[in-house]
Structure formats: structure tokens, C-alpha cells
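Written out below as C-alpha cells is the structure these notes cover.
The values are calculated or read from the model by the stated rules, or taken from the named source; none is laboratory data. The structure displayed is predicted, hence computed values, not measured ones. Note that each Cβ is placed from the backbone with ideal geometry, even for glycine, and that neighbours are counted across all protein chains shown.
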Amino acid sequence: MPELPEVQNFANALNKNYAGLKIKEIKFHRENLRYPFEKKELSEIFALGNKFVGCYREGKQLVLETSQGSVNVSLGMSGSFKPIHSSKVKEKHQHVSLFFENGEAFAYVDPRRFGFWKVKKANDPVTLICDPLIQKDLEDLFLTEQVSSKNCSVKDLLMDQKLIGGIGNIYALEALYLAKISPLKLCSNVTIKEWKQLSNEIPKILLKAIELGGSSVATYLSLNGTKGSFQDLHQVYGRTGENCLKKGCKGVIQRIVQKGRSSWLCPFCQKE
Ligand SMILES: [Zn+2]
């Protein structure tokens, strides 16, 4: 599933390659993804002659902006963008194609079809979610009574998209390892010092992952088809049975299941 660094990478790449170009046409190759396409409204936003202003990340979603409006795009479980060179559908699972007047084009590809394209309306309620790239915002959130009294695990908290935008399984587990906190630890048992440590580690790890093009686990490839390389730096994610990388630690990385999803941790370094 694309997490914040992968989504940010698509935003950067779409801006670099297409921002400022005039649109020729948008095509939908099916009726729906997670939701039905609002074809009429989307076709007006991406109509002939409109300018593709660019895009930015909002939590784990992208906002694509044209001179006539904005669209929220969620990549769901497996969404990605690819440059295309023909008006014929060639990519497997290619559901949307956007053509520019200068002959360039990109496709939205999504094998599992959990993503969506939705018109962003001016009166959409603004949800204030914490940006995990900003240490201060994280610390402010973690040190509220609302969070420190929660009865859920700290991993569940990090992945709560209503509170923090964009951290998924990989970066939650990696940040918890670096902060030496077990993913099973209850929020109510996390100390102030640990919350501060966690709010330091999360932006560092996400920025590093953005720099390295994200983590290519499962199917993720960047716009230009390259893999990210952050997975080579994973210290716990997917490392079942391997030695803990912390100097002097004799621990072996364990896989456990939390709410139906895998978690990895070093039982020596990360305390409950
Ligand atoms: Zn260890």
C-alpha cells in the first residue's frame, strides 16, 4: 500500500513532468474504482485548453489541480501513475488517461481498484489531520490527553488516518523500532520521553524514504518505473528471524500479528 513517501514521490514526479502543461483530454476506461467516476464534472476540470497547475499531497491522498478545479486522488492499495505514449489502452489495469496538448500523457493504473478520483469541492469540510513530516505537530498531538489516555496500541494510533495523515504499516514499525517502543505498547503506557522520541524519529524516517524514492514492497514503482530503495534500509519490516541491527543487541527480529496485520519488532530493544 503506498504510504506518505510513495505518494509524495508521485506528487513530485507529476509536478516535474506535467505542471503547467495544457490539457487535451481525460479518458476513463471503466465506470468506477472504489466509487463511480463523476465523469461529467471530472471531464470539465480536465477539459481541452485547461492548464494542469500541478499537484500536492494531502495526508495519503493527492490533490490534482487544474485551472478549472481540483480533484482528490487516493491510490488505495495499489494505485500508481505511468507515462503513456499512445491513446490506446496498453497498460494492464489502466483506468484513467490524461492527455496534454504537447503530446505527453500519463495513466492512472490500479490493479486492486481501491483508489478513487473525486472532485474536490470548495465546501468540503476541512479535516485537521497532523502532518507527520512536522516534528512539532506530532509532539503536540502525542502529548494531548486525548492521545496519552487512549486504550489502543501505539502502532494503531500511528496508523489512524483520522489523526495522522500518511503513516502505514512500514513506517509505523520502523519509527517504533528507532524510538525503542514495542508496537504492542498501549498509548496510556507510553512515557513523555518516548512520545518525544517518536515525534523525532517519524519525520526523519519519512524524509529519508522520500529522498530514496520510497519503499518498493509489493508493486510500488515510481512514475518513471524505477523502484524505491528505502526497503534496503528497513530495520524490522519483513526481517523475520534476522539479527537486530542495533550494535551489541543479541535480539532476533520477530513477526507478530496485530489486528490481522504483520508487525515486526526486536523483543530486546522494544519494550512494552
Ligand atoms: Zn535489538
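Numbers at a glance
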item: Pair list, Cβ under 6 Å, 6 or more apart: segment 235-249 residue within 12 Å of residue 268 (Cβ to Cβ) and outside the structural domain of residue 209 (by TED's automatic domain parsing), other residue basic (Lys, Arg) and near the ligand (Cβ under 9 Å from one of its atoms); result: none
item: Subset of segment 158-187 [part of a helix (DSSP H, G or I) and closer than 19 Å to residue 130 by Cβ]; result: 158, 169, 170, 171, 172, 173, 174, 175, 176, 178, 187
item: For residue 198: the one exception among (1) away from the ligand (no atom under 16 Å from the Cβ); (2) not assigned by TED's automatic domain parsing to the domain that holds residue 146; result: (2)
item: Cβ pairs under 6 Å, 6+ apart, first in segment 181-192 and within 11 Å of residue 258 (Cβ to Cβ) and at pLDDT 95 or above, second among the aliphatic types (A, V, I, L, M) and not in a loop (DSSP other than H, G, I, E, B); result: 182/265; 183/176; 183/265
item: Criterion violated by residue 199 - all others in (1) farther than 30 Å from residue 125 by Cβ; (2) modelled with pLDDT of 95 or more satisfied; result: (1)
item: Complete set of residues in segment 198-230 that are among the polar types (S, T, N, Q) and surrounded by 20 or more Cβ atoms within 10 Å (Cβ to Cβ); result: 199, 215
item: Hits in segment 112-127 - residues which are crowded, with 16+ Cβ neighbours inside 10 Å and either in contact with a His (Cβ under 7 Å, 6 or more places away or on another chain) or not in a strand (DSSP E or B) (or both); result: 113, 115
item: Wholly enclosed strands (runs of 3 or more DSSP E) of segment 26-74 bearing at least 1 residues among the hydrophobic types (A, V, I, L, M, F, W, C), farther than 20 Å from residue 103 by Cβ and in contact with a Lys or Arg (Cβ under 8 Å, 6 or more places away or on another chain); result: 61-66, 69-74
item: Top-ranked residue in segment 231-240 [being surrounded by 15 or more Cβ atoms within 10 Å (Cβ to Cβ) and in a loop (DSSP other than H, G, I, E, B); ranked as farthest from the ligand (Cβ to nearest atom)]; result: 238
item: Qualifying residues in segment 241-272 (those that are surrounded by 13 or more Cβ atoms within 10 Å (Cβ to Cβ) and polar (S, T, N, Q)) - the one nearest to the ligand (Cβ to nearest atom); result: 270
item: Pairs, first at pLDDT 95 or above in segment 30-50, second assigned to a loop (DSSP other than H, G, I, E, B) and loosely packed, with under 14 Cβ neighbours inside 10 Å, C-beta under 7 Å, six or more apart; result: 37/31; 50/67
item: Selection from segment 137-155 of residues that are touching a Lys or Arg at 6+ places or on another chain (Cβ under 7 Å) and assigned to a helix (DSSP H, G or I); result: 139, 154
item: Residue, modelled with the lowest pLDDT, within segment 128-162, restricted to residues that are surrounded by fewer than 18 Cβ atoms within 10 Å (Cβ to Cβ) and of a type in the set (A, V, I, L, M, F, W, C); result: 128
